[in-house]
Amino acid sequence: MSDFFLSPVGLQHWLVVSTALFSIGIYGLLTRRNAVGILMAVELLLNSTSLNFVIFNKFATPSAVDGQIMSIFIIAVAAAEVVVGMAIFVTLFKHRKTVDVTSMNLLKN
Amino acid sequence: MGLVSWLIILPFLTAMAVLMVPAKNWKAIRWISLTGTGMHLMLTAFTTMKFWALASQDIPAMKTATMTKLYFVERVTWFQTLGIDYFVGLDGISMSMVILTSIIIFAGTLASWNVEERTKEFFVLLLTLVTGVFGVFMSFDLFLFFMFYEVAVLPMYLLIGIWGTGPKEYAAMKLTLMLMVGSALILVGMLAVYHASGLHTFDLIRLATVNYPASLQTWVFPMFFLGFGVLGALYPFHTWSPDGHASAPTAVSMLHAGVLMKLGGYGALRIAVYLLPEGAKEWGLFFMGLTTINIVYGSFGAIMQKDLKYFTAYSSVSHCGFVLFGVAAMNLMGFKGAIIQMFSHGIMTGLFFALIGMVYGRTHTRIIPDMGGLAKVMPWLAVCFYVGGMASLGLPGFAGFVAESHVFMGGFFGNNFMNPVAMKTLTIIATVSIVVTAVYVLRGLATVFQGPITNHHFHELTDATLTEKLSTGLLVATLAVVGFMPWYFIDLIEASIFPFVNRLQASGTMVAFH
Amino acid sequence: MHSEQSFILNNVWLIPAIPFLSFLTLGLLIRNFPKKLQDQLSGIVATLAVFSAAVLAYWLAWEYFHLFPAGVAKQALVPWSFEWLRYQENLAVNVGVLVDPISVLLMVVVTTVSSLVHLYSTGYMHGDPGYARYFTWLNLFTFSMLGLVVSPNILQMYVCWELVGASSFLLIGFYFEKPSAVSASKKAFIVTRFADLGFLLGVILLGYYGYNLFASVAPSLHASGLTNVQPFDFAFLTNPEVMNQFMGMSDTFMGMGVLTLSMVLIFMGAAGKSAMFPLHIWLPDAMEGPTPVSALIHAATMVVAGVYLVARMFPVFAASADALLVVMYVGAFTALFAAVIGCTQDDIKRVLAFSTLSQLGYMMFALGVSSMDHPLGYTASMFHLFTHAFFKALLFLGAGALIHAVHSNSIWDMGGLAKKMPVTHATVLIATLAIAGIYPLAGFFSKDEILVAALESGHTGVFAIGLLVAGITAFYMFRIYFVAFWGKPSHHSEHAHEAPISMLIPLIVLAIFTIGAGFVPMADLVSIGHSAGGHHGINWAVAGPSLFVAAAGISFAWFMYVAGGKQRSAALAGALGGVYTTIKQKFYFDEIYLFITKKIVFRFIATPIAWFDRNVVDGGVNLSGWLTRASGAALNSTQTGQVQTYGAWFVGGAVTVTLVLWIFFL
């Protein structure tokens, strides 16, 4: 255990950061009732994934740039997703005056 | 297309013809159905005569055979990759069952002469169901067998659910679900046998040449037997039968108790025992015990019933017990008795349910204590009821005696691989039912038909109409003919039963086919 | 000893076949005719059919008994048979016709009584709405009974046994609107059915062991000329070699030897049909049927089927001494038991029914005391069967004439009928004297022979019972005779008049038989076993006491009912108190049986089973349905519709899988 703290920053440390980010994202995704909060949690998940791509690119195949390219893709997709998601939520809010996801059960039963 | 295919397809063609007729012409529809089933009856009679001439000569040759000999075989490859054929034919057992079904459906059509609600759909479903039944009895390919089996079971749900009485949805659902559980067991067994044989064929005759590993037989045999047993009202899986029969309309009860329940006994013999003789030897005594419970328990259960249909249903549980008892006795007399009992019980219950329908149509009650003295106003129906009752208590001169004496002798004589003391004891317990049967039949019938007329409305009731006389007369005559001249019937089936016995005897010493 | 020349010997099957054809004609054809024509035809057709069968039977008897010279044992012939039912190889039922002394004797009895009863019925049943139905069933019965009599094998016997039971059921319940007749018919059928369970088991047992012996015995049987024999055949079962093998069997079943057990079981069937104690309860109730039916079925023919069965299987019974002892004790006890009850009954037909029971007991114990070495009882039993058929049928038909005249069954409603109905009176007196055992009427000879057989066999106790019963019989028979014919007419019998001629002819014919039957040289005709011939003439050492007790019985009846009037008998009944009531209530056997069936079988077996099935077994099925629904309902709450919940499940699952993989596989 102490090795982890004493050794210089490497792959493992970066992975811990990304896993922490992912876990926070998952936690937010599963617990937030506010749709905007869920959207933010999804952003965290995407960022953690994006970070992983960059990390593995750096440590596994430093000569190639595939990881970076993928992360740029992810950032683009995330931006698009936020746009669509926020648009839906805004419309929803206009109609129902709430963005609480547990109340969105029109299709249930 | 050969004789056998015609026998299968004719009811289906009739159903198609009925479909063509506008629903409002319900009188035309029943005439078409009657013509179709009548033609089928004639075709069956013709086939029977041809078959009898061939099969009765083969009796000496078949005494040592282990392979079933089929007549009028038709075979077309269907799914070559899976080894599924359209493989149909007739042997003595199938022939007797075809005769039974043909008689019952003809009588059933006559008995449903007054179905005015959705006549068209009723007859279409009824005839489809019968197509399935004929298919089961004449197919010798396991896959085809299973397909027809499902065709026969499923229309029952709609027939009871739509045209039934009382808690019909409950009864229909219960019946279908229980039978489906049975089908699932059969399907598993079928696939197990298919894979274990390594032959890549569903051909029943070829599958029966294989000596399956004893470990496989041990668990597949009870699956088959229980699966078919559900349909054959094996205790404790019989409870669909009282509810189902009580709720079903007349013709459906007739067909169901008369024919469909026979699929159970037929399958248990044809598939379970024939394919898996080692398993049969191992489980024989266990199932003999269960069926003894069936026989005695069903007859005691019938004593206290108040509803005529429940009364008949419990007596069916008892009588179907004889079928499976005979199968579980694992010898020539047991098997023969089982087949004859299937036939005689089929005709007998068909008669009972037809008569109950006719009586109910007049008195509007099926509750036994509410009726009384009906013999005075409906002598024909009373006589037929008594004939049915006497046949069901095994009075010599009717088919029931031939069957029951075979089954009892089979159980008592035993075989060389099951515990003889246990078999004899079980047989003696089972014979008690002949007294109990006499008690409930006479009690029930005496209350309904004898004594003074209890309700003044009954004075205005009429006796059977011509169609009703035709329908019940046919069934009564069949019972009497088989009972008085059993040798014809025995000649018909005997040659086909030897292989079952011989394969049982030879199992364990046979050389594997592959 | 071949019979090629004789038409009737080769065509014995005609005798049962004619009533059967008549039954079919009546049941299928004439039934559809208009009511009036139907009534006219059915009586004539049925009566003619049975009369022609009777003619053939007499012809057969003549031919058969002249076939063998005197002193030569009369062989059993099977002139006609065919394979009816094949259970398996070497186990088939050959339906056929067996001609031997007792079957010929019974054929004569059955056809004679049956044809006379048919004739009588044309008068007695005249105008009854069920006239045609009555004759249809009477023909069915005659056919079944003749089929039973000629059975060459035990399974055919069983088949016809059941058929006579069924026709008896139909005829007892002939007045099907009368609740008492309905319950009597049910009772008769169910009680005999219960006995037949024993018979069936006995048949199966014999069939089983016979089949096992068959292979080893068959060659020597074939050598001795018994070709085409099957294990069920009497020829096989009574064959000495087969019986030796049977006796040598070490198998026991519940502590009894195979042979004894099967014979006891078969006797159970015989006891049911012949209404032996304790299966006697159905016969008195069977009197609910029309009186001619009682005469034919429940006095002369069907009830003797049990005796006939024991006689038919006699060599086998004799091989098992224990079974024969059972026959003897049951027979002797029934004779006494029924005679005692007979003294207290008021219904004339019931008195006659109990006297039938008692006389059947005589026949049974006569068989029970004999053996293959001392076969006198066998001959005596058949002789008594023969004579009893005539005088008891006569008594019943006479009683029918009385009932017809006074419209009541109670003897107290009769009285003073001797002058109003002279022919009936004369014939009934002859029969009453005959049953009381007065010389020279038929009953005297046969009863005497039975008593001699009992005495010679060394069973003095049984002999004493026989003698006692003879006295009681004379008492109760003369009780009804005196009450019905003598004394003052009651208001019922004031307007009584003599029966029509069609009813009187059978009475007269039967009276002639009753007088003459005793002189038939039965010992020459019917015998079995080693000492041919047997008892000839009258053994006055036995006949003397028997005549004396009969006279004593008659005198006592006169003392009680003629000299003393009603007061004396009432005083005696009062003095006996509870004993009298118990006897009059037939020792409460009906109540005991009713208690067993209604209270025990129905309440403690059938009802719980019905409940168990509806609630426990079916409950199991419904439970499985409920469990499916309940588990569905339980899982339903996990389906919130929230993606977040599913996501939580998903993540939890993924983490668990990862952990499991990590812990166990890393």
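Quick check on this structure: which one of B:Phe413, B:Phe449 is modelled with pLDDT under 90, closer than 21 Å to C:Gly27 by Cα and at the interface with another protein chain (Cβ under 10 Å from one of its Cβ atoms)?
Numbers: B:Phe413 fails: closer than 21 Å to C:Gly27 by Cα.
Residue meeting the stated conditions: B:Phe449.
Listed here are the residues, each with its yes/no results for (1) out of contact with any helix residue (DSSP H, G or I) (no Cβ under 7 Å at 6 or more places or on another chain); (2) among the polar types (S, T, N, Q); (3) over 23 Å from C:Ala399 (Cα atoms).
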{"position": "C:Pro422", "(1), (2), (3)": "yes, no, no"}
{"position": "C:Ala426", "(1), (2), (3)": "yes, no, no"}
{"position": "C:Ala436", "(1), (2), (3)": "no, no, no"}
{"position": "C:Glu449", "(1), (2), (3)": "no, no, yes"}
{"position": "C:Glu456", "(1), (2), (3)": "no, no, yes"}
{"position": "C:Phe463", "(1), (2), (3)": "no, no, yes"}
{"position": "C:Leu467", "(1), (2), (3)": "no, no, yes"}
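Of the residues that make up region C:223-245, is at least one part of a helix (DSSP H, G or I), over 24 Å from C:Phe314 (Cβ atoms) and over 13 Å from the mean Cα position of the chain (by Cα)?
As a first pass, look at region C:223-245 and keep what is part of a helix (DSSP H, G or I): C:223, C:234-237, C:240-245.
Narrowing the set further to residues that are over 24 Å from C:Phe314 (Cβ atoms) leaves C:223.
In the following step, the residues that additionally are over 13 Å from the mean Cα position of the chain (by Cα) were identified as C:223.
Yes, that holds for at least one residue.
For B:Asn455, the conditions (1) more than 11 Å from chain C (Cβ to nearest Cβ); (2) closer than 21 Å to B:Ile340 by Cβ are fulfilled apart from (2). Please determine whether any residue of region B:499-513 is within 9 Å of another protein chain (Cβ to nearest Cβ), surrounded by fewer than 16 Cβ atoms within 10 Å (Cβ to Cβ), touching a residue at least 60 places away in the same chain (Cβ under 8 Å) and over 23 Å from B:Ala391 (Cα atoms). Looking through region B:499-513, none of the residues is within 9 Å of another protein chain (Cβ to nearest Cβ), surrounded by fewer than 16 Cβ atoms within 10 Å (Cβ to Cβ), touching a residue at least 60 places away in the same chain (Cβ under 8 Å) and over 23 Å from B:Ala391 (Cα atoms). Looking only at region A:18-31, residues that are out of contact with any Ser or Thr (no Cβ under 8 Å at 6 or more places or on another chain), more than 8 Å from chain C (Cβ to nearest Cβ) and surrounded by 18 or more Cβ atoms within 10 Å (Cβ to Cβ) come to 1 in all. Taking the criterion of being surrounded by 24 or more Cβ atoms within 10 Å (Cβ to Cβ) and either part of a helix (DSSP H, G or I) or out of contact with any helix residue (DSSP H, G or I) (no Cβ under 9 Å at 6 or more places or on another chain) (or both), the residues of region B:271-282 that qualify are B:Ile271, B:Ala272, B:Val273, B:Leu275, B:Pro277, B:Gly279, B:Ala280.
If you check C:Leu325, C:Leu352, C:Leu417, which single one turns out to be in contact (Cβ under 8 Å) with a residue 40 or more places away in the chain, of a type outside the set (Gly, Ala, Ser) and more than 14 Å from C:Ile480 (Cα to Cα)? Don't jump to the end; show me each part of the working.
Numbers: C:Leu352 fails: more than 14 Å from C:Ile480 (Cα to Cα); C:Leu417 fails: more than 14 Å from C:Ile480 (Cα to Cα).
Testing whether each residue is in contact (Cβ under 8 Å) with a residue 40 or more places away in the chain, of a type outside the set (Gly, Ala, Ser) and more than 14 Å from C:Ile480 (Cα to Cα) leaves just C:Leu325.
Can you say whether B:Ala233 is buried (at least 23 other Cβ atoms within 10 Å of the Cβ), within 14 Å of chain C (Cβ to nearest Cβ) and closer than 20 Å to B:Met288 by Cα, as far as the supplied structure shows? The answer is yes for B:Ala233. Here C:Val326 clears all of (1) closer than 15 Å to C:Ser355 by Cα; (2) at pLDDT below 90; (3) among the aliphatic types (A, V, I, L, M) except the condition numbered (1). C:Phe51 meets all of the listed conditions (1) more than 14 Å from chain B (Cβ to nearest Cβ); (2) under 30 Å from B:Phe498 (Cα atoms); (3) not acidic (Asp, Glu) but one, namely (2). The helices (runs of 4 or more DSSP H) falling completely within region B:375-489 that include 3 or more residues that are aromatic (Phe, Trp, Tyr) and surrounded by 24 or more Cβ atoms within 10 Å (Cβ to Cβ) map to B:399-413. On inspection, C:Trp649 fails the criterion of being more than 30 Å from the chain's Cα centre (by Cα), more than 29 Å from C:His280 (Cβ to Cβ) and within 13 Å of chain B (Cβ to nearest Cβ).
Of the numbered criteria (1) more than 14 Å from C:Ser22 (Cβ to Cβ); (2) modelled with pLDDT of 90 or more, the one C:Trp137 fails is (1).
If you check C:Ser320, C:Ser358 for being touching a residue at least 12 places away in the same chain (Cβ under 8 Å) and either closer than 16 Å to C:Leu468 by Cα or aromatic (Phe, Trp, Tyr) (or both), only one passes: C:Ser358. Of the residues in region A:70-85, at least one is surrounded by 13 or more Cβ atoms within 10 Å (Cβ to Cβ) and within 14 Å of chain C (Cβ to nearest Cβ). Take the conditions (1) without any contact (Cβ under 8 Å) to a residue 60 or more places away in the chain; (2) closer than 30 Å to C:Thr291 by Cβ; C:Ser180 misses just one of them, which is (1). Of all residue pairs spaced 6 or more apart or on separate chains, those with beta-carbon atoms under 9 Å, a first member in region B:50-62 that is of a type in the set (Phe, Trp, Tyr) and a second member that is part of a helix (DSSP H, G or I) are B:Phe51/B:Gly92; B:Phe51/B:Met95; B:Phe51/B:Leu492; B:Trp52/B:Met95; B:Trp52/B:Tyr488; B:Trp52/B:Asp491; B:Trp52/B:Leu492.
Table: residues versus (1) free of Cβ contacts under 8 Å to residues at least 12 places away in the same chain; (2) in a helix (DSSP H, G or I).
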residue	(1), (2)
A:Phe53	no, yes
A:Ser71	no, yes
A:Val84	yes, yes
A:Val90	yes, yes
A:Thr102	no, yes
A:Asn105	yes, no
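Of everything in region C:194-252 that is among the β-branched types (Val, Ile, Thr), under 24 Å from C:Gly269 (Cα atoms) and without any contact (Cβ under 8 Å) to a residue 60 or more places away in the chain, the residue that is farthest from the other protein chains (Cβ to nearest Cβ) is C:Val242.
So for region C:269-282 (the condition being aromatic (Phe, Trp, Tyr), within 14 Å of chain B (Cβ to nearest Cβ), in a helix (DSSP H, G or I) and surrounded by fewer than 22 Cβ atoms within 10 Å (Cβ to Cβ)), does at least one residue qualify?
Filtering region C:269-282 for residues aromatic (Phe, Trp, Tyr) gives C:277, C:282.
Next, from what is left, pick out any that are within 14 Å of chain B (Cβ to nearest Cβ): C:282.
From the residues that got through so far, the ones that are in a helix (DSSP H, G or I) too are C:282.
Now restrict to residues that are surrounded by fewer than 22 Cβ atoms within 10 Å (Cβ to Cβ): none.
For region C:269-282, residues aromatic (Phe, Trp, Tyr), within 14 Å of chain B (Cβ to nearest Cβ), in a helix (DSSP H, G or I) and surrounded by fewer than 22 Cβ atoms within 10 Å (Cβ to Cβ): absent.
Looking only at residues that are among the small types (Gly, Ala, Ser) and within 16 Å of C:Gly147 (Cα to Cα) in region C:77-114, which one is farthest from the chain's Cα centre (by Cα)? It would help to see each step written out before you state the result.
To start, the set of residues in region C:77-114 that are among the small types (Gly, Ala, Ser) comprises C:81, C:92, C:96, C:103, C:114.
This time we only want the ones that are within 16 Å of C:Gly147 (Cα to Cα), so: C:81, C:96, C:103, C:114.
On the way: C:Ser81: 25, C:Gly96: 22, C:Ser103: 16, C:Ser114: 16 Å.
If we take residues in region C:77-114 being among the small types (Gly, Ala, Ser) and within 16 Å of C:Gly147 (Cα to Cα), then C:Ser81 is farthest from the chain's Cα centre (by Cα).
Which one is nearest to B:Met390 (Cα to Cα) among residues in region B:304-340 that are within 11 Å of chain C (Cβ to nearest Cβ) and small (Gly, Ala, Ser)? For region B:304-340, the residue satisfying everything is B:Ala313.
The values are calculated or read from the model by the stated rules, or taken from the named source; none is laboratory data. In this text, all values refer to a predicted model and were calculated from it rather than measured experimentally. We place every Cβ from the backbone using ideal geometry, glycine too, and count neighbours over all the protein chains shown.
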